[in-house]
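Scroll down for the structure; my scribbles are underneath it.
The values are calculated or read from the model by the stated rules, or taken from the named source; none is laboratory data. These numbers come from a predicted model, not from an experiment. Glycine gets a Cβ as well: all are built from the backbone with ideal geometry, and neighbour counts include every protein chain shown.
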Amino acid sequence: MKECVIKTEKLKKTYKVGEIEVPALRELDLEIYEGEFVAIMGASGSGKSTLMNLLGCLDVPSGGDYLLDGLSTKNLTKNEYADIRNVKIGFVFQGFNLLPRTTAIDNVELPLIYNRHLRIKNPQELALNALKRVGLEDRVYHEPNQLSGGQQQRVAIARALVNEPALILADEPTGNLDSKTSVEVFKLFQELNDEGKTIVMVTHERDFAAFAKRIIEMKDGIKIRDYMIKNRLNAAEELDKIKNGINEQSYEAI
């Protein structure tokens with residue numbers, strides 16, 4: 001039986017603007033299981049970014065509870081939150097967030113350096129293996145300005161994988177990439193998901209969400225739809241179509 005990686009119970013987040021309280025997330029109940037690939041969608045102000053910040057332990061909820069890999073985050077200290085982010089979660093951002101003038105392997109190695117609870121004897125070997133996993137073994141000593149946008153995102157994905165986290169969170173991971181490169185990134189995500197990695201991503205592009213297995217739609221801080229994708233797009237097949245000049249125009253932002 002699949003383990004529940006994410007479970008939220010009446011999760012709330014309210015922001016204060018002067019004397020006014022603005023509810024960003026309203027008592028959300030959600031379960032995501034090991035090996036799922038979930039796309040979170042919604043217009044600006046729908047609560048999807050707030051939800052991702054809470055799932056990534058980048059922010060603290062105003063109410064309810066969030067269990068990650070069976071662990072309640074309700075009463076954790078700041079240091080414990082930091083430990084969870086480093087050990088259990090791999091982040092992939094729209095802007096890559098790589099250190100400039102730092103090689104790919106050194107960028108990937110960073111989470112291992114900051115892991116206070118593991119004494120890693122061979123961090124460079126683990127970083128190299130992660131880069132091999134995303135097909136960049138020939139770019140190990142290249143710096144970000146020597147890499148294409150797609151290659152930089154692959155470095156970011158390798159960095160997210162190096163600690164073997166329970167969960168990969170991707171926030172608009174292809175927002176800065178062209179259509180072909182975006183599909184290449186989703187091909188990698190699908191391969192990692194097929195290996196058993198749990199992936200949750202935010203995207204505003206419905207065509208790209210179709211590469212996931214499940215879509216959650218948000219509006220006004222609540223979940224309005226939650227459904228499995230019946231005809232999931234195969235990124236490898238779609239990449240072949242793009243290379244052959246077929247249906248490339250279907251990958252446009254909506």
- Task: Quick one: which residue in 43, 82 is among the aliphatic types (A, V, I, L, M), farther than 30 Å from residue 229 by Cα and under 20 Å from the mean Cα position of the chain (by Cα)?
- Result: 82
- Consider residue 229 carefully, then state whether it is of a type in the set (Val, Ile, Thr), free of Cβ contacts under 8 Å to residues at least 24 places away in the same chain, surrounded by fewer than 19 Cβ atoms within 10 Å (Cβ to Cβ) and more than 14 Å from residue 42 (Cβ to Cβ). yes
- Task: Those residues that are of a type outside the set (A, V, I, L, M, F, W, C), farther than 18 Å from residue 56 by Cβ and outside any helix (DSSP H, G or I), I need them from the range 147-164; list them, please.
- Result: 148
- Query: So which residues in the range 37-62 are under 16 Å from residue 84 (Cβ atoms) and either aliphatic (A, V, I, L, M) or touching a residue at least 60 places away in the same chain (Cβ under 8 Å) (or both), if there are any at all?
  - Reply: 52, 54, 55, 56, 58, 60
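Give the residue that is nearest to residue 206 (Cα to Cα), with candidates limited to residues of the range 36-57 that are in contact with a helix residue (DSSP H, G or I) (Cβ under 7 Å, 6 or more places away or on another chain) and part of a loop (DSSP other than H, G, I, E, B). First the steps, then the outcome.
Of the range 36-57, the ones in contact with a helix residue (DSSP H, G or I) (Cβ under 7 Å, 6 or more places away or on another chain) are 37, 39-42, 56-57.
Narrowing further to those that are part of a loop (DSSP other than H, G, I, E, B): 42, 56-57.
On the way: 42: 10, 56: 23, 57: 26 Å.
Selected residue: 42.
Can you tell me which residue within the range 13-51, out of those that are of a type in the set (Phe, Trp, Tyr) and at pLDDT 95 or above, is surrounded by the fewest Cβ atoms within 10 Å (Cβ to Cβ)? Reasoning before the result, please.
Just the residues of the range 13-51 that are of a type in the set (Phe, Trp, Tyr), to begin with: 15, 33, 37.
If we keep only those that are at pLDDT 95 or above too, we end up with 33, 37.
On the way: 33: 15, 37: 24.
Filtering first and then ranking leaves 33.
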- By residue number, the members of the range 159-174 that are under 13 Å from the mean Cα position of the chain (by Cα) and over 17 Å from residue 55 (Cβ atoms) are 159, 161, 174
